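The block underneath contains the structure these notes are about, expressed in C-alpha cells.
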C-alpha cells in the first residue's frame, strides 16, 4: 500500500503555522477557542498484515513531522524524541483486531495500546501509559465531553501525600491548563450509564511513560497523539476498556 493511500487524518491537513495571537477562551468551551498549529503530519504510517514494522522508512520524516512541535491555543508543545520510543507505541494505522463498529475506542490495557476503529477493517493505534486508575475500571462507556487544555484538580488523598499540591485543591480552582499540567493538551471524559467514571483519556508531557505503568493517572497519550485523537472523536463515541 502506498503512503498516499493511508493519508486519512482530516484535521491534520488543516494545520497551519500560527498567524498572530490565538484567541483564548475557556478550555471547557473548546468550540469557542480559535487556535492554529505547526503542521504535524498529513497522514499516518500503515502497518500491513503480517508485518512487524510500519512501512518503509520514508517514515523517519513522517514521524519527525507527526511528533514535531505544535503551536496550540497559545502553547508550544515541544517535539517528542520519537527515535527513543519503541516503534510499536508510535501512532500508526493497523489492521483492526477487534471488529467493533467504526468510531469505537478500545483501550487494551495489557499491551498499552489505544485503538480507534475505522472503515475497511483498519484502526488507528496509539501507544499509552497507564496509571493505577487506568487499571481500576473496565467495561463499556461513552465520551461524554472533551476539554482543550483542561484544568487539573489533584485528589485530596494525593494532596495529603504531597502538601505542595494544596494550592491546586478543587476549592481553589485546580491547576490551570498548560504545558506542565498532568492532563496535557486534551482530556476525554468517560461516562457509564450517565455517571462519571472518573476515567480519562488525556495528554501528558512525559513521553517516557508511554508503554509503561506509572504511579498515577488514567490513560495517557503523548500530547501530539491526544490532539490527533481529540480531533477524530466526537462526543458520544463509544469506548471499551479491556
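The values are calculated or read from the model by the stated rules, or taken from the named source; none is laboratory data. Owing to the predicted nature of the structure, the values given are computational and were not obtained by experimental measurement. Please note: Cβ atoms are built from the backbone with ideal geometry, for glycine as well, and neighbour counts cover all protein chains shown.
When residues of the range 184-197 are filtered for being in a loop (DSSP other than H, G, I, E, B) and either surrounded by fewer than 17 Cβ atoms within 10 Å (Cβ to Cβ) or at pLDDT below 95 (or both), how many remain? Don't jump to the end; show me each part of the working.
Narrowing the range 184-197 to residues in a loop (DSSP other than H, G, I, E, B): 184-185, 193-194.
Now restrict to residues that are either surrounded by fewer than 17 Cβ atoms within 10 Å (Cβ to Cβ) or at pLDDT below 95 (or both): 193-194.
Selection size over the range 184-197: 2.
Condition test on residue 211, is it under 22 Å from residue 88 (Cα atoms), within 19 Å of the chain's Cα centre (by Cα) and touching a residue at least 40 places away in the same chain (Cβ under 8 Å)?
Details: under 22 Å from residue 88 (Cα atoms): yes; within 19 Å of the chain's Cα centre (by Cα): yes; touching a residue at least 40 places away in the same chain (Cβ under 8 Å): yes.
So residue 211 passes the test.
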Kindly evaluate residue 139 against the criterion of being at positive phi, surrounded by fewer than 22 Cβ atoms within 10 Å (Cβ to Cβ) and either free of Cβ contacts under 8 Å to residues at least 40 places away in the same chain or touching a helix residue (DSSP H, G or I) at 6+ places or on another chain (Cβ under 9 Å) (or both). no
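Of all residues in the range 211-223, which are surrounded by 23 or more Cβ atoms within 10 Å (Cβ to Cβ) and either within 14 Å of residue 144 (Cβ to Cβ) or in contact with a strand residue (DSSP E or B) (Cβ under 6 Å, 6 or more places away or on another chain) (or both)?
Let us first name the residues in the range 211-223 that are surrounded by 23 or more Cβ atoms within 10 Å (Cβ to Cβ), namely 218-223.
Once the filter is applied, which keeps residues that are surrounded by 23 or more Cβ atoms within 10 Å (Cβ to Cβ) and either within 14 Å of residue 144 (Cβ to Cβ) or in contact with a strand residue (DSSP E or B) (Cβ under 6 Å, 6 or more places away or on another chain) (or both), the range 211-223 yields 218, 219, 220, 221, 223.
Return yes when residue 200 is surrounded by 16 or more Cβ atoms within 10 Å (Cβ to Cβ), touching a helix residue (DSSP H, G or I) at 6+ places or on another chain (Cβ under 6 Å) and over 22 Å from residue 97 (Cα atoms) and no when it is not. Walk me through how you get there before you give the answer.
Working: surrounded by 16 or more Cβ atoms within 10 Å (Cβ to Cβ): yes; touching a helix residue (DSSP H, G or I) at 6+ places or on another chain (Cβ under 6 Å): no; over 22 Å from residue 97 (Cα atoms): yes.
Against the criterion (surrounded by 16 or more Cβ atoms within 10 Å (Cβ to Cβ), touching a helix residue (DSSP H, G or I) at 6+ places or on another chain (Cβ under 6 Å) and over 22 Å from residue 97 (Cα atoms)), residue 200 does not qualify.
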Scan of the range 122-157 for residues that are touching a strand residue (DSSP E or B) at 6+ places or on another chain (Cβ under 6 Å) and assigned to a helix (DSSP H, G or I), ordered by number: 134
